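Colleague: Okay, handing you the structure first.
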Amino acid sequence: MDPVFPPGASAATFDRALKAFGGAIGADNVFTTDQDRDTYSDKFAVNEAGHHPYGGVAPSSVEEVQAIVRIAAENRVPIWPISRGKNLGYGYAAPELSGSIVLDMSRMKKIEVDVENGTALLEPGVGFYDLYDYLQAHNIPLWLSVPGNSWGSVIGNALDRGLGYTPYGENTSKLCGLEVVLPDGDIIRTGMGAMAGSPTWNLYRYGFGPSWDQLFVQSNFGIVTKANIWLMSAPEQVKGMDIEMDRMEDLAPLIDTLGALRREGVLQQSPTIGNWLRAANILTTRQEWVKDGGPLTDSVIAAIRKTFNLGWWGVSVRLYGREAITNATYPILEQAINAIRPMSIKPAVWRTGDPIPPTQGGWMGVPMTFPLQNANWFGGRGGHIGFSPILPQSGKLALEQFLRAYARYREFGMDPQTSFAFGERHLINVNAVLLNKDDPAFMKRVDPFLRALIKDARAHGYGEYRTHLDYMDTVADTYDFNNHALRRLNEKVKNALDPAGILAPGKSGIWPTAYAKERRA
Ligand code: ADP
């Protein structure tokens, strides 16, 4: 990949900055070859023309992060912080603004666990596998809540509001106190960490006065160099069931039933309902069913479902905790699910000491990567891109949203991979749109398809919770109350904290004045 400079920058400025970066962190940790640029690019890119990094710098400590930020501000070089840069479907490690330098914190891997209080203080480079291995090696009975792609970092996941599937599934809500380097190189600690040496930094989220943690989530106001995150106590028992529902319309009663149990507290987990393709695409490939890219007809879908015993929808529901409690709760769950006439129920029980079967790891905090297999659905060069509106926990409204989206999937010739993940009061309708990068005609349809989905959702008042770099401005535009008052506030704060506009310009549609012209219409 050839070098691209950001708007307004010159080769001379970059040269000066890169030398200074090398002086601060060692030239070996400054990466600017064509191969380095490829490494930091978006492997799933739909729009190959955008988001090209100039290179990367990989500090090993918070002091080195501060030095890099100061050099970047002095030379007006935009930097894009990543933890491990495995943000698949949302841009990988690539920056919003082409020519940015990726600030790669994957070498910062310190872990400190407070076993008694069930929390971990992590640096950005700590991956789910690293933390899992650490807990295992030290025999610490705490569990993670891992996402479907556990290749990334715990902090990166929490900072992009990624999802896991245990009762601690919403990782961002388990953040408790951050250490942050600001765009001028200053360093702060949020919450109780604002008091030097406080033993409650990891225990009380809010501190005194305004609470800043979430202002650094999906944001470009600071670089998180440490975060406390709460971990779940390993339960005595995990008991539940894998449920398959036969018909497309069964989505509605399934959501209403699980939502009611979730709000009542019977169900504390964050289950996610997936359609047949989410289950099938890791078991088979498209060519085994349809030749030459033809449509997935209802009879093909029926044949795939029959072969793998899949419902139109499936969901794994789990109860966690003391054996006596989960045993008492299980019949309540069973009765509620039987009342909506599932196609099948497969009970699952795990007790402390039992081995964890590989396919069950996701419900039990064991990192996994097998869902990445979905990128091979078409064979050849694949990938996926996210479309994920937030919906109310209403079966009727969720089904209506799905049917609208499904019509668009068919109109644009896409295969529907969709899921509905429960939060406490909301659903996240995660669509991982599967890509066939070897088919240029297919790839041309992806962008108009996503724009149609975003527009349709907005027309019903639904906004996305997270998006790929290509759509950050488009999605920010849909948050339009009072002439985009929230975006105006975000940009006021951005300009105050980062007058040179160097930190992740354009992230979440927040553009500093220095690069305001780069906003996509
Ligand atoms: P992962 O480590 O899980 O692969 P990424 O490093 O890709 O996650 O991070 C996801 C997104 O969160 C990135 O696009 C980046 O904008 C933001 N981000 C990640 N780490 C940090 C950090 N330490 N400070 C600020 N923003 C971050």
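The values are calculated or read from the model by the stated rules, or taken from the named source; none is laboratory data. Source: prediction; values computed, not measured. Virtual Cβ from ideal backbone geometry, glycine too; neighbours counted across all protein chains shown. When the accessible area is computed, the model is the full protein with side chains, heavy atoms only, and any ligands, DNA or RNA have been set aside. Shrake-Rupley method; radii C 1.70, N 1.55, O 1.52, S 1.80 Å.
Colleague: For segment 304-354 and segment 399-466, what is the separation of their Cα centres, given in Å?
Modeller: 28 Å
Colleague: Follow-up. Could you tell me the calculated FRET efficiency between D34 and H426, based on Cβ-Cβ distance and R0 = 45 angstrom, to the nearest 0.05?
Modeller: Numbers: r = 43 Å, r/R0 = 0.96.
Taking R0 as 45 Å, the efficiency between D34 and H426 is 0.55.
Colleague: Turning to a different aspect of this structure: Ranked by accessible surface with a 1.4 Å probe, highest first, in what order do E411, E170, E116, E264 come? Before the final figure, lay out each step's value.
Modeller: On the way: E411 115, E170 75, E116 175, E264 135 Å².
Solvent-accessible surface, decreasing: E116, E264, E411, E170.
Colleague: With runs of 4+ DSSP H residues as the only contributors, calculate the mean residue ellipticity of the chain at 222 nm using -39,500 (n - 2.57) per run, divided by the residue total and rounded to the nearest 500.
Modeller: Working: 13 runs with 158 residues, N = 521.
Result for the chain: -9500 deg cm²/dmol, rounded to the nearest 500.
Colleague: What's the ranking of 439-446, 358-365 by average number of surrounding C-beta atoms within 10 Å, highest first? Display every interim value, and only then the final one.
Modeller: Details: 439-446: 13.9, 358-365: 18.9.
In descending order of packing, they fall as 358-365, 439-446.
Colleague: What is the Cα centroid distance between segment 371-398 and segment 168-232, reported in whole angstrom?
Modeller: Here the answer is 30 Å between Cα centres.
Colleague: Give me the dipole magnitude in Debye, nearest 20, for the chain about the Cα centre, with unit charges on the beta carbon: positive for Lys and Arg, negative for Asp and Glu. If you can, show how the numbers build up before the last one.
Modeller: Numbers: 51 positive and 55 negative charges, 160 e Å.
Around 780 debye, computed over the chain.
Colleague: Could I ask something else about it? Angle, helix 481-497 long axis vs. longest principal axis of the chain, Cα atoms, 0 to 90°, nearest 10?
Modeller: Taking Cα atoms only, the helix is inclined about 40 degrees.
Colleague: Then there is this: Ignoring ligands and nucleic acids, what accessible area does H426 show with a 1.4 Å probe (Å², nearest 10)?
Modeller: Here the accessible area works out near 50 Å².
Colleague: Please list, or write none, the lysines whose alpha carbon is within less than 17 Å of the alpha carbon of K306, excluding same-chain residues fewer than 8 places away.
Modeller: Of all the lysines, those that pass the test against K306 - Cα under 17 Å, at least 8 places apart if same chain - are K346.
Colleague: How large is ³J(HN,Hα) for each residue in segment 156-161, as worked out from phi by the Karplus curve 6.51 cos²θ - 1.76 cosθ + 1.60 (θ = phi - 60°), to whole Hz, x for Gly and Pro?
Modeller: For segment 156-161, the Karplus-derived couplings read x, 5, 5, 6, 9, 6 Hz, x marking Gly and Pro.
Colleague: If you take every residue apart from D473 with its C-beta less than 15 Å away from the C-beta of D473, what net charge results, scoring Lys and Arg +1 and Asp and Glu -1? Before the final figure, lay out each step's value.
Modeller: Values: positive: R451, K455, R458, R466, R487, R488, K494, K507, K517, R519, R520; negative: E96, D447, E464, D470, D477, D480, E491, E518.
For residues surrounding D473, the net value is +3.
Colleague: Can you give the Rg to Rh ratio of the chain, both from alpha-carbon atoms, with Rh computed by the Kirkwood formula? Please report the intermediate quantities before stating the final value.
Modeller: Values: Rg = 23.0 Å, Rh = 23.9 Å.
Expressed as Rg/Rh, it is 0.96.
Colleague: Please report the accessible area of K109 (heavy atoms, 1.4 Å probe, ligands and nucleic acids excluded) in Å², nearest 10.
Modeller: Only protein atoms counted, so the area is about 90 Å².
Colleague: Hey, which aspartates and glutamates would be in cross-link range of K239, C-alpha to C-alpha under 19 Å, not counting anything within fewer than 8 residues on its own chain?
Modeller: Partners within reach: E264, E323, E334, D354.
Colleague: Take the alpha-carbon centre of segment 477-521, take the same for segment 1-45, and report the distance between them in whole Å.
Modeller: If you average the Cα positions of each part, the centres end up 24 Å apart.
Colleague: May I ask you to rank F420, F370 by accessible area, largest first, using a 1.4 Å probe over the protein chains only? Intermediate results must be reported in sequence, preceding the final value.
Modeller: Details: F420 0, F370 85 Å².
These residues rank, largest area first, as F370, F420.
Colleague: Read phi for every residue in segment 201-212 and hand back ³J(HN,Hα) as whole Hz from Karplus 6.51 cos²θ - 1.76 cosθ + 1.60, θ = phi - 60°, with x for Gly and Pro.
Modeller: So the Karplus estimates, Gly and Pro as x, are 3, 8, 10, 10, 6, 8, x, 10, x, x, 9, 9 Hz.
Colleague: Still on this structure, please answer the following. Out of the total accessible area of the chain (probe 1.4 Å, heavy atoms of protein only), what percent is carbon and sulfur? Present the calculation step by step, with values, prior to reporting the outcome.
Modeller: Numbers: 11600 of 21540 Å².
Answer for the chain is 54 percent, counting heavy atoms of protein chains only.
Colleague: Here's another thing I want to ask about it. Going by amide H atoms built from the backbone, whose H comes under 5 Å of the H on G382, apart from near neighbours?
Modeller: K437
Colleague: With all protein chains present, calculate the accessible area of S211 using a 1.4 Å probe and round the result to the nearest 10 Å².
Modeller: Looks like 60 Å² after rounding.
Colleague: What is the local net charge at N75, summed over the other residues whose Cβ is closer than 12 Å to its Cβ (Lys, Arg +1; Asp, Glu -1)? Can you show the working numbers first?
Modeller: Working: positive: R16, K19, R70, R76; negative: D15, E74.
Around N75, the surrounding residues sum to +2.
Colleague: Quick one: angle between helix 11-25 and the longest Cα principal axis of the chain, in degrees between 0 and 90, rounded to 10, please.
Modeller: That works out to roughly 80 degrees.
Colleague: Which percent, nearest 5, of DSSP beta bridges in the chain are antiparallel?
Modeller: In the chain, approximately 90 percent of DSSP beta bridges are antiparallel ones.
Colleague: At 1.4 Å probe radius, can you tell me the per residue accessible area of the chain in Å²? Before the final figure, lay out the partial values.
Modeller: Numbers: 21540 Å² over 521 residues.
Heavy-atom SASA per residue in the chain reads 41 Å².
Colleague: Here is a further query. What is the sum of charges around E170, taking Lys and Arg as +1, Asp and Glu as -1, for the other residues whose C-beta is under 10 Å from the C-beta of E170?
Modeller: +1
Colleague: While we're looking at this one, here's another question. Could you run the Karplus curve 6.51 cos²θ - 1.76 cosθ + 1.60 with θ = phi - 60° over segment 65-82 and give me ³J(HN,Hα) per residue in whole Hz, x for Gly and Pro?
Modeller: Values, residue by residue: 4, 4, 4, 5, 4, 5, 5, 4, 5, 4, 9, 6, 9, x, 10, 10, x, 10 Hz.
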